[in-house]
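One structure below.
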Amino acid sequence: MKQVSLENKIVWFLYPLPLLCLLTAWYFYTVDSKEHQFIFSSPAQVWQTFLRLSASGELLSNAAVTVFEAAIGFILGTVSGACLGLSLWASRIVARVAKPYIVAAGAIPIFALAPIIIVWFGIGIVSKIALAFIATFVVAVGQAYQGAVTVDAKYLRLMQVFGATKMQTFRTVVVPNSLIWVINAMKLNIGLALLGAFIGEFISAEQGLGKMIVRASGTYDMATVYVGVVALVVISLLLTSLVDLLERRLLRWKQ
Amino acid sequence: MSNDLGQALSVSALSFAYVKEQKRQSIISDLNLDVRQGELISILGASGCGKTTLLNLIAGLLEPQAGTIKIAGGHKHNAVGYIFQEDALLPWRTVGHNLRLAAELHHHLKASNETNLQDYLKSFHLSADIVKKYPGELSGGMRQRVSIIQSLLFRPELILLDEPFSALDFYTKLRLESEFYTLIKKQNKAAILVTHDIDEAIAISDRVLIMDREGKFSGEFIVDLKEREPEDVRGTPEFATYFHQIWSALKSNIAYEAS
């Protein structure tokens, strides 16, 4: 036990090291060269830009738009996808018919459809929600369906012996069994929802982090681009830790 | 139906065959079996002779192609309890919630189950706080005890057991056999045990049946032992006699399997 805790301490101590190395290298590479600063910006410039964008409220309002689009798309896509995937358990025939479509939908590079989605839904936030929805929906259907069909036969046999109705078996065995799969879908979907919203904004938008990054890179404002990218990473980490929290609550029996 | 009084199970002229890739497999043909209330019988036989299929037919998990199966109280949904080799406790439910499963599905079982639960836990030497644990936290023997209690709380007329003790270590097995035997006799329930273990069959049965390759019973032994404590019964001379007789009858089936 003692060794494990020592190892943990070392790991925690070493965590910031790669980041510090990167920042140091970046600093010395850009500190004395206007040309390098133009192409790569510099830690100081990025920090100042971050302070400026935060003070003006620009960063927060753009981040809020992107998070809103991604979150709505994520919730709608994951919930409806999981419901559809689970309901396929009810009919073997429907499930068999649906299976090649689920596989095919999983293979579509959804973001290649982004330009069409923007034509359909306009350049407002609806098209970004739609992109996040489609990307997350496909994953949720596939995962929930897998969860529903991989129920151990011994549980189904027990329910049969206990004279359970199909609906009771669904509620008592199939849904809880799929929970691990649905939570996995949620983990994948956080990244996909943010990516969907971002790509929508990247192609055409009025606001959001994607728009901020496109506009900045158009004017070679590298510092703003970096601030936008870091903001996306932070948002993604925060949302992932939310799902981790949910997982720990729902899958308490696994610990 | 006064002539059925005391009869827990009556199987007559039962036939069943799987058809897989145009081959008939695991056949039961023209099988008859009667089990009285309070009677514990064991079925021995070579692997794949149809023992488990017979239990599945009695439990209603399979439909027979011919013959009849009459279970006392057969009109009720909970006529049969079934305990498998591997427990089927739902891993995401606590032991308590697993034990309440039958009552959740059938509300009329609820009231009596809550009071019976504590007695059952005591009979199987389980502490009361086990209900808060998850199945993953229990040993194999404890999980199988919980499975047995789960089936008993369903209050079946007839209990089917498909090698429920075979995955346990020897001492756990002896103890569980003893606990199960005592409880079944106290409740005067009927039970059918499918097993490969001749010792186990003799130790806890009133009758041992041998199933042959044709899916019929080829031997029947009434086991009448004075000593029934599973820890001690195996040392008695009567036990050795039964073992010898049953093994002689079973040997021909096993030899057939090997050839």
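The values are calculated or read from the model by the stated rules, or taken from the named source; none is laboratory data. Being a predicted model, the structure only gives us computed values, none of them experimental. Ideal geometry is used to build each Cβ from the backbone, glycine not excepted, and the neighbour counts take in all protein chains shown. Remember, those area values only see protein heavy atoms, side chains included, never the ligands or the DNA or RNA. Shrake-Rupley method; radii C 1.70, N 1.55, O 1.52, S 1.80 Å.
Would you mind calculating the relative contact order of chain A from Cα pairs under 8 angstrom and at least 6 residues apart, reporting the percent as a whole number?
Values: 294 pairs, mean separation 63.9, N = 255.
The normalised contact order for chain A reaches 25 percent.
With a/c under 1.5 counting as rounded, go ahead and sort region B:81-216 into rounded, prolate or oblate using the C-alpha gyration tensor (a ≥ b ≥ c being the square roots of the eigenvalues; past the cut-off, prolate if a/b is larger than b/c, else oblate). Write out the running numbers ahead of the final one.
Working: a/c = 1.80, a/b = 1.52, b/c = 1.18.
Prolate, because a/c is 1.5 or more and a/b exceeds b/c.
Radius of gyration over Kirkwood radius for chain A, both on Cα atoms: the Rg/Rh ratio is 1.09. Taking Cα atoms only, the orientation of helix B:170-187 departs from the longest principal axis of chain B by about 80 degrees. With every protein chain in place and a 1.4 angstrom probe, the accessible-area ranking of A:PHE170, A:PHE202, largest first, reads A:PHE202, A:PHE170. Sites listed here are chymotrypsin sites (Phe, Trp or Tyr not before Pro) in region A:38-104 whose DSSP assignment is loop and whose Cβ has at most 16 other Cβ atoms within 10 Å, and the list is empty. Only protein heavy atoms count here; under a 1.4 Å probe, A:LYS9 has an accessible surface of about 140 Å². In terms of overall dimensions, the C-alpha atoms belonging to region A:143-183 reach 30, 17, 12 Å along their principal axes, ordered largest to smallest.
Normalised radius of gyration (Cα atoms, divided by 2.2 N^0.38 Å) for region B:103-161: 1.13. Accessible surface buried at the B:A interface totals approximately 1900 Å², computed with a 1.4 Å probe on protein heavy atoms.
Net charge of the neighbourhood of B:ALA167, taken over other residues with C-beta under 14 Å away and scored Lys/Arg +1, Asp/Glu -1, is -4. Shape class of region B:4-102 from the alpha-carbon gyration tensor: oblate, with a/c at 1.5 or above and b/c at least as large as a/b. Ligands, DNA and RNA excluded, the heavy atoms of A:LEU17 present near 90 Å² of accessible surface to a 1.4 Å solvent probe. Per-residue SASA remark: A:ILE183, around 0 Å² accessible (1.4 Å probe; ligands, DNA and RNA not included).
I'd like the carbon and sulfur percentage of the solvent accessible area for region A:1-148, probe radius 1.4 Å, heavy atoms only, ligands and nucleic acids excluded. It would help to have the intermediate numbers written out before the result.
Values: 7110 of 9450 Å².
The value for region A:1-148 is 75 percent carbon and sulfur by accessible area.
With a 10 Å cut-off around each Cβ of B:86-92, the average count of Cβ atoms from other chains is 6. A Förster radius of 51 Å, combined with the Cβ-Cβ distance separating B:SER10 from A:VAL11, puts the computed FRET efficiency at roughly 0.15. Averaged over peptide B:96-106, the number of partner chain Cβ atoms lying within 10 Å of each residue's Cβ comes to 3. Over every Cα atom in region A:145-228, the radius of gyration and the widest Cα-Cα span, Dmax, amount to 22.8, 70 Å.
Once the Cα gyration tensor of region A:1-125 is diagonalised, what are the square roots of 5 times its eigenvalues, in whole Å and ordered largest first, as equivalent ellipsoid semi-axes? Working shown, then result.
On the way: eigenvalues 375, 155, 53 Å².
Whole-Å semi-axes of the equivalent ellipsoid: 43, 28, 16.
Can you give me the angle between helix A:58-87 and the longest principal axis of chain A, using Cα atoms only, in degrees from 0 to 90, rounded to the nearest 10? The angle comes out at about 20 degrees. Region B:198-229 and region A:106-124 have Cα centres spaced 70 Å apart. According to the square roots a ≥ b ≥ c of the eigenvalues of the Cα gyration tensor, what is the shape class of the protein assembly as shown, taking rounded for a/c under 1.5, prolate for a/b larger than b/c otherwise, and oblate for the remainder? Taking the square roots of the gyration eigenvalues as a ≥ b ≥ c, the protein assembly as shown is prolate. At a probe radius of 1.4 angstrom, the accessible area of the protein assembly as shown per residue rounds to 52 square angstrom. Does anyone have the angle between helix A:175-203 and the longest principal axis of chain A? Alpha-carbon axes, 0 to 90°, nearest 10? It is inclined by approximately 30 degrees. Its Kirkwood hydrodynamic radius, worked out from the mean inverse distance over all distinct Cα pairs, puts region A:105-255 at 17.8 Å.
Given contacts defined as C-alpha pairs under 8 Å and at least six residues apart, what's the relative contact order of region A:104-241, whole-number percent? Please list the in-between numbers first.
Values: 133 pairs, mean separation 38.5, N = 138.
Reported relative contact order: 28 percent.
Kirkwood-type hydrodynamic radius, chain B: 19.2 Å, calculated from all non-identical alpha-carbon pairs.
The DSSP beta bridges internal to the protein assembly as shown are antiparallel in roughly 50% of cases. Interface burial in region A:165-179 reaches 50 Å² or more for A:THR172, comparing the full protein assembly with the chain by itself; accessible area from heavy atoms with a 1.4 Å probe.
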